[in-house]
Amino acid sequence: MNLAAVKKFLTDNKDNAEVQTYLGELSAVSADKVKGYLDTEDGKRLLQPRLDSYFTKGLDTWKANNLEALVAEEVAKRNPAQTEEQKRIAALEKALEDQKKESQREKLMNLAMKQATEKKLPADIVSFFLAEDEEKTNANLAKLEEAYTKAVQAAVDSKFKENGRQINQGGGAGNTNIKSIQEMAAAHNIRNQQQNQ
């Protein structure tokens, strides 16, 4: 008998109870057959997505049930709860630190106001130039003075130019362009004497 004859026999006798039982036994799945199939590449491709979904679901469930408790436990371990005494000490230390900062700021403000007054800078904007220490505050005020002086000089120059005056830079005792009143009087007398002759 060949395979074609076996197939024909099974097809012709498919209603027979013995044939149905035999075919059921042949098509029955056994653990060995399943394990053998799952070890093949096709079996792994079939099984891996299911394993991944079960793992993801299990991980999500674990996170929902355990993660917050573990994080809270670790935070408590790293930052132990403070006693009432420790809380009071921390509050006092913070108040002392704030007081020191306020005192330092007040000292810097007084120094800055003094310098601003000496340099004739606008006192109402000095607080914007305070820094964390005296050196940086002085540097900020020096920049303010430089910018303020330039702005004032530019405004003065602009005003004089509007009115038609020419501004000569320099001046003072060493300027040779300006004659003293005596020299001008003497020159005037010399002209008068020459005209009379």
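Data table
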quantity	calculated
Long-range neighbours under 8 Å by Cβ, at least six apart or interchain, first residue at pLDDT 85 or above within the stretch 75-100, second part of a loop (DSSP other than H, G, I, E, B)	90/82
Among residues of the stretch 27-61, those that are closer than 30 Å to residue 10 by Cα and either polar (S, T, N, Q) or modelled with pLDDT of 90 or more (or both), counted	2
Scan of the stretch 156-183 for residues that are at pLDDT 60 or above, open to solvent by 60 Å² or more (accessible area, probe 1.4 Å) and among the small types (Gly, Ala, Ser), ordered by number	164
Members of the stretch 1-15 that are open to solvent by less than 100 Å² (accessible area, probe 1.4 Å) and under 17 Å from residue 26 (Cα atoms)	6, 10, 11, 13
Residues within the stretch 125-155 that are within 17 Å of residue 106 (Cβ to Cβ) and either exposed (fewer than 11 other Cβ atoms within 10 Å of the Cβ) or not polar (S, T, N, Q) (or both), tallied	10
Inter-residue pairs, beta-carbon under 6 Å, first hydrophobic (A, V, I, L, M, F, W, C) and in the stretch 1-27, second surrounded by 10 or more Cβ atoms within 10 Å (Cβ to Cβ) and outside any helix (DSSP H, G or I), 6+ apart	19/13
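The values are calculated or read from the model by the stated rules, or taken from the named source; none is laboratory data. Treat the numbers as computed from the prediction; the structure is a model and nothing was measured. No Cβ is skipped: glycine too gets one built from the backbone with ideal geometry, and neighbour counts run over all protein chains shown. For accessibility, only protein heavy atoms count, side chains too; no ligands or nucleic acids. Shrake-Rupley method; radii C 1.70, N 1.55, O 1.52, S 1.80 Å.
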